[in-house]
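The values are calculated or read from the model by the stated rules, or taken from the named source; none is laboratory data. The structure presented is a predicted model; accordingly, all values stated were derived computationally and were not measured. Ideal geometry is used to build each Cβ from the backbone, glycine not excepted, and the neighbour counts take in all protein chains shown.
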Amino acid sequence: MVDLFLNGGPFMWPILLLLLAGLGLVGERAYSLNQSKADSEGFMSAVRQALKSGGSKKALAVCSGHDGPVSNICEAGLARVNKGSEQVEKAIENAGSLEMAFLEKNMGWLTAIIAIAPMMGFTGTVWGMIGAFEDIAAANDISPAIVAGGISEALLTTAFGLVVAMIIQISQNFFSSMIDGMVLDMEEKSIELTDLLREAK
């Protein structure tokens, strides 16, 4: 593998940097999204019981003891119960926007790496082919041995660029699926909270 990398020419190094940057972002997203996962059903059950037994203050205490986007949204809404239903809904909406921004953090950089890695590989391909034709012109001969080095360099950069893009693409798709599930859960639980607050009145 090391020999293949070294034989790929100078464009292999930026492709390697893209891979390392992508893996770093993948690790960050995996950690952050895993930390954001929570038992939302159990949490909402605790909030429901708290509202019935102690009102919004007790429900706020339940929110403070939990982590995750659902608890943060509920906490924002419960903190404005005394200001009316419109303020509660607005607070939930604003908190939801902030949570979505956090969940989607760095996803754009993953998209950029997915696009740039193959382009870098194709650029290396062009570079290798240019070298091959220069070797042909210098030798005034179309012998396979003369052009093999340049063609090999061209194919290696393309292959490595595509492999990097595929690795990051698979990770991004997995994270996108996780985020979609979390966003749907936030929407469901925010609606459930507003219904609970209306019932409490």
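Just to confirm my filter: which helices (runs of 4 or more DSSP H) fall fully inside the stretch 1-96 and include at least 3 residues that are over 23 Å from A112 (Cα atoms) and touching a Phe, Trp or Tyr at 6+ places or on another chain (Cβ under 8 Å)? Give the derivation first.
Numbers: elements: 2-7, 12-36, 40-64, 69-78.
Those helices (runs of 4 or more DSSP H) span 69-78.
Are any of the residues in the stretch 5-21 buried (at least 19 other Cβ atoms within 10 Å of the Cβ), within 17 Å of L103 (Cβ to Cβ) and not aliphatic (A, V, I, L, M)?
Filtering the stretch 5-21 for residues buried (at least 19 other Cβ atoms within 10 Å of the Cβ) gives 8-9, 11-12, 15, 18-19.
With within 17 Å of L103 (Cβ to Cβ) added as a condition, the list becomes none.
The answer is no; no qualifying residue exists.
When I130 is tested against (1) at pLDDT 75 or above; (2) farther than 20 Å from I113 by Cα; (3) buried (at least 21 other Cβ atoms within 10 Å of the Cβ), only condition (3) is not met.
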